[in-house]
Amino acid sequence: MKQGVLSAKATTFVNAVLAKKPSIAVFDCDGTLWSGDAGADFFYWEIERGLIPPDAVEWILPRYDDYKAGKVDEVTICGEMVAIHDGVSLQRIRNAAAEFFRSVVEPRIFQDLRELTRRLGEQGCELWAVSSTNDWVINEGVKQFGIPLEHVLAASVASNDGIATAELIRVPTDELKATAIEEVIGRPVDAVFGNSIHDYAMLELARDAYAVNPNADLETMAREMGWTVYWPEKVLQ
C-alpha cells in the first residue's frame, strides 16, 4: 500500500466513518494509530541510552517486570514510567522523543488511520488523542495525524523551570480515559477509536465506537456491543 493510496477495504472503512459526519473524534494511539506499544518501547530506548537517572532505572526495571507479571496495575505503572523523568530537562526529553518516534514508531504508522484523520480534519471534525503513554512521545506522533497538541490527553507530569518533576498531572487509562474526556472535552463525542480493553470505558462514551486492530478481549466485547471492528492492513513502508 503506497502512501496516500488505500485498498478497497480501507477506502470502505474511511468512507463509512466520514459518512457519519462526526463533530468530535477521539483516538487512542498505541496499537490504534500505529502498531506496537510506543510507551514501553520508549521506556527501554531511553534506558539503553542513559537518559533516565540511574537511581530511577534501578527500581523501575524490576517494577516493570512486576507489572508484566500482573503484580502492578496499569495506572500505577503508566504514572511511574513518566514520573521517572523527575529532574530531567524537558528539552532533552522532547529531543529524545522526536528522535525515537522518527526512527522507531513512524515506520509503524497505519496509513489507513492517517488518511482517516486527514480527511476527518478536512471535513471539520475536531480531533483528540487520549493515551496512557507519555505526552512527549504522543505529541510527536500526533503531528502525523493533524491532531493539535492542545488536544492531546496523555500521561504527563508537571514541570519546574523547564525541568520535569514527579508530580503527575494525569494518567489516562481505563476509566481515567473516559474521565479525561469528560473533564477536558466536556461534550458528547461522536466517534472513539481504540484497540485494547484499556480503551473500553472511553469507547462506551461514543455515539459510534470503533475497535481498531483490537486485542482479543476487546474484539470479543466489541462484537457483543455491535461496535465496528476494523483491521488495518499494514503499516507505512
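One line per residue, one yes/no per condition, for (1) part of a loop (DSSP other than H, G, I, E, B); (2) without any contact (Cβ under 8 Å) to a residue 60 or more places away in the chain; (3) closer than 17 Å to THR173 by Cα:
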| residue | (1), (2), (3) |
| --- | --- |
| TYR64 | no, yes, yes |
| MET81 | no, no, yes |
| HIS85 | yes, no, no |
| ALA97 | no, yes, no |
| PHE101 | no, no, no |
| VAL105 | no, no, no |
| ARG114 | no, no, no |
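Being surrounded by 14 or more Cβ atoms within 10 Å (Cβ to Cβ) and farther than 22 Å from LEU218 by Cα narrows it down to one of TYR64, TYR44, so name that one. On inspection, the qualifying residue turns out to be TYR64.
On the given criteria, is PHE101 modelled with pLDDT of 95 or more, under 24 Å from VAL17 (Cβ atoms), of a type in the set (A, V, I, L, M, F, W, C) and out of contact with any strand residue (DSSP E or B) (no Cβ under 6 Å at 6 or more places or on another chain)? So PHE101 fails the test.
Determine which single condition GLU183 fails, assuming it passes every other condition in (1) closer than 13 Å to LEU153 by Cβ; (2) touching a residue at least 12 places away in the same chain (Cβ under 8 Å); (3) part of a helix (DSSP H, G or I). Every listed condition holds for GLU183 apart from (2).
Say whether the condition of being among the hydroxyl-bearing types (Ser, Thr, Tyr) and closer than 25 Å to ASN139 by Cβ is met by at least one residue in segment 42-63. Among the residues of segment 42-63, at least one is among the hydroxyl-bearing types (Ser, Thr, Tyr) and closer than 25 Å to ASN139 by Cβ, which makes the answer yes.
Sub-8 Å Cβ pairs linking a first residue in segment 39-57 that is of a type in the set (Asp, Glu) to a second residue that is not in a helix (DSSP H, G or I), at least 6 apart or interchain, are GLU46/ILE52, ordered by first then second residue. Scanning segment 191-212 for residues that are touching a strand residue (DSSP E or B) at 6+ places or on another chain (Cβ under 7 Å) and either of a type in the set (S, T, N, Q) or free of Cβ contacts under 8 Å to residues at least 24 places away in the same chain (or both) yields ASN195, ALA209, ALA211.
Residues are listed down the side, and each one gets a yes or a no for (1) more than 15 Å from the chain's Cα centre (by Cα); (2) closer than 30 Å to VAL192 by Cα; (3) not aromatic (Phe, Trp, Tyr):
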| site | (1), (2), (3) |
| --- | --- |
| ARG49 | yes, no, yes |
| ALA56 | yes, no, yes |
| PRO62 | yes, no, yes |
| ALA69 | yes, yes, yes |
| GLY79 | no, yes, yes |
| VAL88 | yes, no, yes |
| ARG102 | yes, yes, yes |
| ILE109 | no, yes, yes |
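Each row is one residue, and each column tells you yes or no for (1) in contact with a Cys (Cβ under 7 Å, 6 or more places away or on another chain); (2) hydrophobic (A, V, I, L, M, F, W, C); (3) under 30 Å from THR228 (Cα atoms).
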residue	(1), (2), (3)
LYS20	no, no, yes
ASP41	no, no, yes
GLU58	no, no, no
ASP73	no, no, yes
ALA98	no, yes, no
GLU126	no, no, yes
VAL137	no, yes, yes
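Checked across segment 15-32, the condition of being without any contact (Cβ under 8 Å) to a residue 60 or more places away in the chain, assigned to a helix (DSSP H, G or I) and within 17 Å of VAL212 (Cα to Cα) holds for at least one residue. Has segment 123-130 got any residue that is in a loop (DSSP other than H, G, I, E, B) and small (Gly, Ala, Ser)? Scanning segment 123-130, I find at least one residue that is in a loop (DSSP other than H, G, I, E, B) and small (Gly, Ala, Ser), so the answer is yes. Against the test of being under 18 Å from PHE27 (Cβ atoms), of a type in the set (Val, Ile, Thr) and surrounded by 21 or more Cβ atoms within 10 Å (Cβ to Cβ), the options VAL184, VAL192 yield a single qualifying residue, VAL192. The set of residues in segment 142-180 being in a loop (DSSP other than H, G, I, E, B) and charged (D, E, K, R) consists of LYS143, ASP161, ASP174.
The values are calculated or read from the model by the stated rules, or taken from the named source; none is laboratory data. Quick caveat: nothing in here was measured; it's all calculated off a predicted structure. Backbone-built Cβ (ideal geometry, glycine too); neighbour counts: all protein chains shown.
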